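The values are calculated or read from the model by the stated rules, or taken from the named source; none is laboratory data. Note that the structure is a prediction, hence the values are computed from the model and not measured. Cβ placement follows ideal geometry from the backbone for every residue including glycine, while neighbour counts extend to all protein chains displayed.
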Amino acid sequence: MAAREGLALAADWAPYPAIVESDCAAVIKYLVHPSTQRSSSMFIIRDALEEAGKLPGTEFRHVGREQNGVAHELAQMAKRLRHCAVWRE
């Protein structure tokens, strides 16, 4: 769901190619190879790919958690505070 939301925001804000990085290898695998998706998340993956189609190009990359530290800390803070927000510029 986070990848879908991020792609939707990117499509709304900037008409540029995007790189989606995640430390979840399964999510990246299903976004890169959606035909192998047979889980209950297939509708969310399909929605994410529809949002990606609104951009001129999208690349999906798996990164280690150590490379995704800031995003991980922000997500943990949002879970603790039960609050989320999007900051722009």
>> Can you find, within segment 1-40, the residue that is surrounded by the most Cβ atoms within 10 Å (Cβ to Cβ) among those that are out of contact with any strand residue (DSSP E or B) (no Cβ under 9 Å at 6 or more places or on another chain) and under 20 Å from residue 75 (Cα atoms)?
In response: 4
> Counting just the residues of segment 23-36 that are in contact with a Lys or Arg (Cβ under 8 Å, 6 or more places away or on another chain) and at pLDDT below 90, which one comes out nearest to residue 67 (Cα to Cα)?
Replying inline: 23
> residue 69: within 12 Å of the chain's Cα centre (by Cα), without any contact (Cβ under 8 Å) to a residue 40 or more places away in the chain and in a helix (DSSP H, G or I), yes or no?
Replying inline: no
> Among the residues of segment 8-66, how many are among the hydroxyl-bearing types (Ser, Thr, Tyr) and in a helix (DSSP H, G or I)?
Replying inline: 3
>> Within segment 1-37, take every residue that is over 18 Å from residue 55 (Cα atoms) and β-branched (Val, Ile, Thr) and give me the one that is farthest from the chain's Cα centre (by Cα).
In response: 36
> Could you give every pair whose Cβ atoms fall below 8 Å, whose first residue belongs to segment 30-58 and is closer than 18 Å to residue 13 by Cα, and whose second residue is at pLDDT 85 or above and exposed (fewer than 13 other Cβ atoms within 10 Å of the Cβ), counting only separations of at least 6 or pairs across chains?
Replying inline: 55/16; 55/17; 56/16; 56/17; 57/17; 58/17; 58/19
